[in-house]
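Asker: Dumping the structure here so I can ask a few things about it.
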């Protein structure tokens, strides 16, 4: 179910929303020049952690392979950070909605979540080299 196009679009939207929320939260943390550092730094930190530390075959080879449960914890921590930041921005209703969407996404992505919890490589994505030519 994780490879369903709608679910992938929701996941992508959640990832982008997470980065935007962290940037907004960084901007509102200070009234000095440090707001620029926080606004740029928080999303960069989240994106680097998200992109580098991955499980095998999710969807490409991982730059730094980590165990599945650690990856799941990382993802939930980053989404949790965004939900908390949204709450701190004075948007408790939106933070609850985002938390609910994240939970539903992981429930719908049960195949990937289960593979991560079992510390197995995710087999849901297929590389283009593995797809037979259609003639």
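Asker: For residue 9, are the conditions met, namely being over 14 Å from residue 112 (Cβ atoms) and touching a helix residue (DSSP H, G or I) at 6+ places or on another chain (Cβ under 9 Å)?
Answerer: no
Asker: From (1) surrounded by 15 or more Cβ atoms within 10 Å (Cβ to Cβ); (2) in a helix (DSSP H, G or I), pick out the condition that doesn't hold for residue 41.
Answerer: So the condition that residue 41 fails would be (1).
Asker: Continuing with the same structure: Exactly one condition in (1) without any contact (Cβ under 8 Å) to a residue 12 or more places away in the chain; (2) surrounded by fewer than 16 Cβ atoms within 10 Å (Cβ to Cβ) is false for residue 20; which is it?
Answerer: Result: residue 20 passes all but (1).
Asker: Sticking with this one: Does the range 22-38 include one or more residues that are modelled with pLDDT of 95 or more and within 11 Å of the chain's Cα centre (by Cα)?
Answerer: no
Asker: Give just the number: which of (1) at pLDDT 95 or above; (2) more than 18 Å from residue 91 (Cα to Cα); (3) surrounded by 13 or more Cβ atoms within 10 Å (Cβ to Cβ) does residue 13 not satisfy?
Answerer: Checking residue 13 against (1) at pLDDT 95 or above; (2) more than 18 Å from residue 91 (Cα to Cα); (3) surrounded by 13 or more Cβ atoms within 10 Å (Cβ to Cβ), the one that fails is (3).
The values are calculated or read from the model by the stated rules, or taken from the named source; none is laboratory data. Bear in mind the structure is a predicted one, so any value in this text is a computation, not a measurement. We place every Cβ from the backbone using ideal geometry, glycine too, and count neighbours over all the protein chains shown.
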